[in-house]
Each structure stands twice: as C-alpha cells, then as structure tokens.
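These notes concern the structure reproduced below.
The values are calculated or read from the model by the stated rules, or taken from the named source; none is laboratory data. Since this is a predicted model, take the numbers as computed values, not measurements. All Cβ positions, glycine included, derive from the backbone under ideal geometry; neighbour counts span all protein chains shown. Each accessible area value is taken on the protein alone, full model and side chains, heavy atoms only, with ligands, DNA and RNA left out. Shrake-Rupley method; radii C 1.70, N 1.55, O 1.52, S 1.80 Å.
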2 protein chains.
Amino acid sequence: MRNIKVILQYEGTKYQGWQRQVNTGNTIQGKLEAILTTMCGRKVEVQGAGRTDAGVHALGQVANFHLETDKSPEEIMVYMNRYLPEDIAVIAAAEASQRFHSRLNATGKTYCYRVLNSATPHIFERRYVYMMPEELDLEAMEQAAKLFCGTHDFRAFTSNKKSKKSTIRTVDEIRIKKVGDEIRFTFQGNGFLYHMVRIMMGTLLEVGKHERDMSQVEYLLHAGRREDAGFLVPAMGLTLVEVRYS
Amino acid sequence: MRNIKVILQYEGTKYQGWQRQVNTGNTIQGKLEAILTTMCGRKVEVQGAGRTDAGVHALGQVANFHLETDKSPEEIMVYMNRYLPEDIAVIAAAEASQRFHSRLNATGKTYCYRVLNSATPHIFERRYVYMMPEELDLEAMEQAAKLFCGTHDFRAFTSNKKSKKSTIRTVDEIRIKKVGDEIRFTFQGNGFLYHMVRIMMGTLLEVGKHERDMSQVEYLLHAGRREDAGFLVPAMGLTLVEVRYS
C-alpha cells in the first residue's frame, strides 16, 4: 500500500471539526474519506496532523492515507479537488514513506488567531476574525505572551478533564502583530492541548483589557485550574497555519 | 429633511445586485431601504453611487438618503448594522448637504478585479477571486491596458444596447499588480458603463493568453462592436473599491 501525504486548506465555518463522528458526516475527515473510499473502491482512512475543532480553519493542515491506486499524487489531488466541496481544497500531494504518520511525526505546529479590534465589521474577513472592539493594551499582552513561552504544564489551559495524558507542552513563540485594525496572534509550539490556543488567547485578551494581571499567567502555569484561566475565544478566529516535521 | 451619506461594504455573492427590483427583495438597495423605512416609519429611498451587478462586491460603495430622525449619523449607522445581514455593513456615516447625490456628484470610481492565476484554489479568498490557471503575459496586458486609458467611446465594452446615453468615458489608470499567485487589476475612471470593467477585463485576459492581439484594442475603441470585444468575466472577481467626489 502506498502512503500519500497531502496539505489541506479549509474554511471550518460549516463543519463540526476535523474528526469523523458516528452521527454526522459533516467533518473534514469524513468528507476526505468518503471521496477516497469511492476512488479506491475500498475503505480509506485519513489521519490528520491537527484535530481542529468545529469552526476552526486551516491554511496548512497535513494529512496522510494508505491506498492502492495507479494515480500519481498530482492525479489524486486533482481527483479530490474535483469532488471536494468549495470550502475544502488539497493544495499539495506527495508520496510519503511507509512509516510517515501526519500526527505522530509532527514536531511543531503554528496557529494564528485573528482579532478585529474595531467596532466596524469587516465584511470580507468576517468568517475568519473574532471581533472585539474594546481597547487592548498591546504591550501588556506581549509581556504576558512571553510568560507562556517555554515548557510548562498547561493543564489550566485545556477543556479536556478526562485525559490522563501529559499536559506538558513547549510553546516556542507567541508573536503579536497589529495589521491595520486587526491584531494577529501567532502561536508556535511542539503541540497544543485540546482548546489550549483558544484559552491562552482568552487569557491574553483579558490581560489586554486590564481585567487580569499578567502575573496570574505564572500562577496558572504552576498551580492552575481551568476555572481560573481566561475565557474560551470563539473558534472562527483560529487557523491552523502550518505543521512541521523534522 | 436631513441628507445622510454612508459608506458601505458588502459581499455581493448572495445578492441580485445593488438595484431594487420589483419581483425580488434580494438586493442591497432593497435591504437598506427596508431597514431605514422601518426606522423612520415612512418610506426612505436610498441612492447608491454605483449600481453594482449581481455578485459584485463593495469595499467603499457610497450611498445617501433623505430622512427625518433624531438620531445622529453615528446612531443611524449603529441601528443599520444591527439589522443588516452579516454580508452588508455601514462603515461610515455623516451629514451631507441637501444637494448631495451619491451617484450624480461622483467624479471618479475605482474598481478592482482579482484573478487567481493558479490551478490551486484559495479557500479563504474563493468568493472574491476569479480562478484562471492559464499562463498570462503580464507585459502584454500592461501594454493593452495603456491603450484603454484616456477618453474614448467605450460602446464596444458595454452590454447595454438600448441606452441612448453617451458611451464616452475617461479611464484614468489601469494598474496591474502581481501579489503571490494573484493578479490584481485596478481601474480608475470618471465612470464606467454597464459591464464595462468586466468586458475590458475579458479583453485584457485574452491578450494575456495571446488569443488576441493588443492592436485590436485600438480598433475596438474606434469602430468597435460588443461582439468583437472580449468575454464578460464573472462578477465574483469584481469589487467597487472607492467613489470619489471633488
């Protein structure tokens, strides 16, 4: 069986996230698997590097799947794009080694969260930004962002209470950039827990609004509970930008 | 009666254009008039600077309307944005002089046409670009674009056959800019005939594909008929960027 690696773009607005679910076909993984299963005449499973939540977008999601076909990676890409809905696209496809696994082999990910810091909606970007018109202290947010960087126990920054897996992660960098009336937060790390980027974002925005002192970030990273961390920002502002492999 | 001037943004995808129609409420003008009529308790008519076609977008459409209300322009804007659908927004509002008419007083307009020159779709921009993967000769298009500039009879570049009005217009500038795998065409002029930007665009793209010699542009501007000019490019790539007043 060949192993094919693809890079995907999608607008998450209409989907219940990446992961295939029993009771709904409306997931990115479900759409891809249905098309590949039809193409091959037998069941194909697709593994995604990031299990993006409902409403989260992707500029550079990576996935892989094993199948038997005469088609070249380019031809597989063209086939998939012909049958995919207009809000999902394959933008690259290549042969991968047998052992390549898009999620397990990923060594880093980049997410971007876009805040429209204005009371005036921006029609063309409305599906990709979270609108927050309140004044935000950029410098305070930048200082708080530095506290997140490094290797910490992020258990206060995940909504997943049941998992017994490690909640230790390394955040390499958080960049904050003002572009017109938009503020872009770029998160780089070796991996992120369920809802971790969105809860860090909510915490940063509360610091930016002076509703929370940045010293609390240090406390949260030591003895934190989810209830003490910031609000969960809406999914629409979040985009999986890139997945890295060593 | 006061005269209010507003600047509007909209995504045209779902609408049958700017202009109110008898048999459908699904026009930008219709949406605005319904909201203002409810606000004032009496019929309000909205005049738009550009009567954008079905599917055409606007970043800076200008409109004006006469009404009686105690609300400030800012309050009118907030009221309108509360009731407008998510694909239309008022981004500025101001008191105008009694005689101001958004269309009749306009001295210039800027339109932008976006071509995604790639075989790979761009999911986030898909509603705002026209996808044309064929190779395009940028230099040939730039030279042809220069021929359009100046004051000419553009009768070959309009779909409106019935009108007895003048078909003479002045195009001040056509800028062509490559941005990644996108080519942006910006048209500035004192006014544009029905479909004029989209037929000039189709003609330029045919020059870019070497399907048409640029010398034909000069011929079309002298003795042209619509049948001899280029194809009508799809509305989705077109955006009304700005309306100027002296």
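A few notes on this one:
- A:Ser215 - accessible surface, heavy atoms, 1.4 Å probe, Å² rounded to 10: 60 Å²
- Each 10 Å bin from 0 upward holds the following percent of the Cα-Cα pairs of chain A: 7, 30, 32, 20, 9, 1.
- Globularity index of region B:125-186, i.e. its alpha-carbon radius of gyration over 2.2 N^0.38 Å: 1.39
- Relative compactness, the protein assembly as shown, computed as alpha-carbon Rg over 2.2 N^0.38 Å: 1.13
- Centroid-to-centroid separation of region B:205-219 and region A:119-183 [C-alpha atoms, Å]: 50 Å
- Using a 7 Å projection from Cα along Cα-to-Cβ, the label point at B:Glu135 is separated from the same position in the remaining copies by 5.7 nm, smallest value first.
- When only alpha carbons are used to place a centre, region B:231-246 and region B:43-113 end up 16 Å from one another.
- B:Glu125 contributes an accessible area of around 40 Å² to the protein surface, as traced by a 1.4 Å probe with all chains present.
- Spatially proximal aspartates and glutamates relative to B:Lys209 (Cα-Cα < 12 Å; intrachain offsets below 8 disregarded): B:Glu134, B:Glu135, B:Asp137, B:Glu139
- Helical mean residue ellipticity (222 nm; -39500 (n - 2.57) per DSSP H run of 4+; nearest 500) of chain A: -7000 deg cm²/dmol
- Just so you know, the Cα atoms of region A:197-246 work out to an Rg and Dmax of 12.9, 40 Å.
- Accessible-area composition of region B:125-246, carbon plus sulfur, in percent [1.4 Å probe]: 48 percent
- At 7 Å out from Cα toward Cβ: B:Gly180 inter-copy label distances (nm, ascending): 1.4
- Relative to the other identical copies, A:His101 shows label-point distances of 7.2 nm, where the label point lies 7 Å from Cα along the Cβ direction and values run shortest first.
- Diffusion coefficient of region B:1-41 by Stokes-Einstein, Kirkwood radius over Cα pairs, 37 °C, 0.692 mPa s: 289 µm²/s.
- Quotient of the Cα radius of gyration of region A:41-162 and 2.2 N^0.38 Å, N being its number of residues: 1.42.
- To put it simply, the accessible area of region B:62-114 at a 1.4 Å probe is 49 percent carbon and sulfur.
- P(r), alpha carbons of region A:18-95 - 10 Å bins starting at zero, rounded %: 18, 57, 24, 1
- Alpha-carbon Rg/Rh ratio, for region B:102-159, with Rh computed the Kirkwood way: 1.06
- Charges were assigned to the Cβ only: +1 to each Lys and Arg, -1 to each Asp and Glu. The resulting dipole of the protein assembly as shown about its Cα centre is roughly 1060 debye.
- Across chain B, the relative contact order, built from alpha-carbon pairs under 8 Å that are at least six residues apart, equals 24 percent.
- Both radii are taken from the alpha-carbon atoms of region A:152-246; with Rh as the Kirkwood radius, Rg/Rh is 0.95.
- Look at the alpha carbon pairs under 8 Å that are at least 6 residues apart: their mean separation over the length of region B:174-243 gives a relative contact order of 29 percent.
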